[in-house]
Amino acid sequence: MVNFSPSSMHLHKLTRTSPSFGSAFFLVGHRVLDIRVRNGCLFRKNRRCFGASISCSGVGNDLPSIEQLSDARVIYSVAPSMGHNQESHPESHFRVPAIVNALEEMQLSSKFRGSELIELQHFEPASVDDIASVHERAYVSGLEKVMNQAVEKGLILVEGSGPTYATATTFQESIIAAGAGLALVDSVVAGSKIKSDAPTGFALIRPPGHHAVPQGPMGFCIFGNVAIAARHAQRVHGLKRVFIIDFDVHHGNGTNDAFYNDPDVFFLSFHQDGSYPGTGKFDEVGSGDGEGTTLNLPLPGGSGDTAIRTVFDEVIAPCAQRFKPDIILVSAGYDGHVLDPLANLQYTTGTYYMLASSIKQLARDLCGGRCVFFLEGGYNLKSLSYSVADTFRALLGDRSLASEFDDPNVLYEEPSTKVKQAIQRIKHIHSL
């Protein structure tokens, strides 16, 4: 992919339903978010409406107190990027509000759970240096410059294969989303210093990030949120060894590329074989000093709960135990759900509960509980919302309520022989 620059972008005028400038108001649960755009820059006014503001940025990170951290089991941040939206696009501004609403309805928010569940209210956007720890500066500056064109045209395409779009607010909202993840890393690390079992972080953010390559955007993704957080953990907190688990249905090619030569970041992705973007083959294992610290497991279509339990026990856990990470980061994509329209796996809400619970225990065992989840894909709003809610239950130590949503009648027999062959092949390649 060529270096990103304003002149090399695909610029197309597209129809939008929401304004590209002026003011827009969005109801998110009991909260009103006022987004104002002036000259391509984003300004937010967070107005109370029966509850706390959904997010606040640009006013400095306000980390939880020692007392709060000592009680917390989960810390989460919300960056819905309400101005970053294209009509009828699956990666829409309805995704995060749908999750937030579900968490409120299921009493899985700070309002109902008190000190064991903390929402970060104030966090800074990621800096250009933060973004440039993963992405080329030419891309970062180029994207910022084309925001004026987005104001004029209403909406532009910045990469054709996704397609990935940008609006007048995309740059600012993307650095806010990345900053929400960095603030969670800071909070989780702070928590790990006062108790042996740190709270788990979850960044409810968009645009997603795991397809964004160092040179530019790709596959609905603008900046590599989890990759930027990994570099932040290393640079700011001295957490040298970072283990990244990507359970999105699509291969996280951007994260893969960012650390392909790095022996201190282990990237592990299991994804549907043959799905977008066509990368993530068995033999993509890293190169140079990083050879062996990239693991890609393409699973056959139809793989489901049984397959993933085996993948965790026979692949994920042994890899993490051998790598001995200082922190675990998770690209949490919910598009492997059987109801999701963009793929052909058979994960259920219960699958995601199992994954979250198992990953949390792995972090407890290996790195003092230091673990942060980052929202990636998931495009059926109902299965996305219920699955994230059950993830929260797993992280809080509550029992799963997946049976209230999952319908076993929509499932069919998993391709167990092909799954077993894939797992045996990857175990042989990586000497597990």
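Under the condition of being assigned to a loop (DSSP other than H, G, I, E, B) and in contact with a Lys or Arg (Cβ under 6 Å, 6 or more places away or on another chain), which residue from segment 153-165 is surrounded by the most Cβ atoms within 10 Å (Cβ to Cβ)?
Ranking the candidates gives 155 first.
Any residue at all in segment 189-212 that's touching a Pro at 6+ places or on another chain (Cβ under 9 Å), surrounded by fewer than 24 Cβ atoms within 10 Å (Cβ to Cβ), within 26 Å of residue 361 (Cβ to Cβ) and touching a residue at least 40 places away in the same chain (Cβ under 8 Å)?
Within segment 189-212, one or more residues are touching a Pro at 6+ places or on another chain (Cβ under 9 Å), surrounded by fewer than 24 Cβ atoms within 10 Å (Cβ to Cβ), within 26 Å of residue 361 (Cβ to Cβ) and touching a residue at least 40 places away in the same chain (Cβ under 8 Å).
Name the residues in segment 366-390 that are more than 15 Å from residue 102 (Cα to Cα) and either of a type in the set (Gly, Ala, Ser) or part of a helix (DSSP H, G or I) (or both), would you?
366, 367, 368, 369, 377 - these are the residues of segment 366-390 that are more than 15 Å from residue 102 (Cα to Cα) and either of a type in the set (Gly, Ala, Ser) or part of a helix (DSSP H, G or I) (or both).
With the structure loaded, tell me whether residue 283 is in contact (Cβ under 8 Å) with a residue 40 or more places away in the chain, out of contact with any strand residue (DSSP E or B) (no Cβ under 8 Å at 6 or more places or on another chain) and open to solvent by less than 10 Å² (accessible area, probe 1.4 Å) or whether it fails that test.
So residue 283 does not fit the description; no.
Residues 146, 128: which one is of a type in the set (Val, Ile, Thr) and either open to solvent by 50 Å² or more (accessible area, probe 1.4 Å) or in contact with a Lys or Arg (Cβ under 6 Å, 6 or more places away or on another chain) (or both)?
Only one candidate qualifies: 128.
Could you check, for segment 252-271, whether at least one of its residues is open to solvent by 10 Å² or more (accessible area, probe 1.4 Å), charged (D, E, K, R) and not in a helix (DSSP H, G or I)?
Yes.
Got a sec? Which of 168, 177 is crowded, with 24+ Cβ neighbours inside 10 Å and either in a loop (DSSP other than H, G, I, E, B) or polar (S, T, N, Q) (or both)?
Matching residue, one of 168, 177: 168.
Would you say residue 368 is within 29 Å of residue 225 (Cα to Cα) and loosely packed, with under 14 Cβ neighbours inside 10 Å?
When the stated conditions are applied, residue 368 does not pass them.
Only residues in segment 342-359 that are under 16 Å from residue 312 (Cα atoms) and buried (at least 24 other Cβ atoms within 10 Å of the Cβ) count as the first member; pair them with residues that are among the small types (Gly, Ala, Ser) and at pLDDT below 95, Cβ under 7 angstrom, at least 6 apart or cross-chain, and list the lot.
none
Which of the residues that make up segment 406-419 are touching a residue at least 12 places away in the same chain (Cβ under 8 Å) and part of a helix (DSSP H, G or I)?
410, 416, 418, 419
Just to be sure I understand the filter: pairs with C-beta atoms under 8 Å, separated by 6 or more residues or on different chains, first member in segment 391-405 and assigned to a helix (DSSP H, G or I), second member of a type in the set (D, E, K, R) and surrounded by 19 or more Cβ atoms within 10 Å (Cβ to Cβ). Which pairs pass?
394/360; 395/73; 395/360; 396/73; 402/390
In segment 371-424, what residues are on the phi > 0 side of the Ramachandran plot and either surrounded by 13 or more Cβ atoms within 10 Å (Cβ to Cβ) or of a type in the set (Lys, Arg) (or both)?
Hit for segment 371-424 is 378, nothing else.
Name the residue that is nearest to the chain's Cα centre (by Cα), counting only residues in segment 213-251 that are surrounded by fewer than 20 Cβ atoms within 10 Å (Cβ to Cβ) and in a loop (DSSP other than H, G, I, E, B).
Filtering segment 213-251 for residues surrounded by fewer than 20 Cβ atoms within 10 Å (Cβ to Cβ) gives 214-215, 234-238, 240-241.
Then keep just the ones that are in a loop (DSSP other than H, G, I, E, B); that gives 214-215, 238, 240-241.
Details: 214: 17, 215: 19, 238: 22, 240: 21, 241: 20 Å.
Among those residues, the one meeting the criterion is 214.
For segment 297-311, state whether one or more residues are assigned to a helix (DSSP H, G or I), open to solvent by 40 Å² or more (accessible area, probe 1.4 Å), touching a residue at least 12 places away in the same chain (Cβ under 8 Å) and among the polar types (S, T, N, Q).
Scanning segment 297-311 turns up at least one residue that is assigned to a helix (DSSP H, G or I), open to solvent by 40 Å² or more (accessible area, probe 1.4 Å), touching a residue at least 12 places away in the same chain (Cβ under 8 Å) and among the polar types (S, T, N, Q).
For segment 75-152, please list each of the helices (runs of 4 or more DSSP H) lying entirely inside it that holds at least 2 residues being free of Cβ contacts under 8 Å to residues at least 60 places away in the same chain.
110-113, 128-132, 137-145
The values are calculated or read from the model by the stated rules, or taken from the named source; none is laboratory data. Remember, predicted model here, so these are calculated numbers, not experimental data. Quick reminder, even Gly has a Cβ in these numbers, built from the backbone with ideal geometry, and neighbours come from all protein chains shown. Side chains included, ligands, DNA and RNA excluded: accessible areas come from the protein's heavy atoms. Shrake-Rupley method; radii C 1.70, N 1.55, O 1.52, S 1.80 Å.
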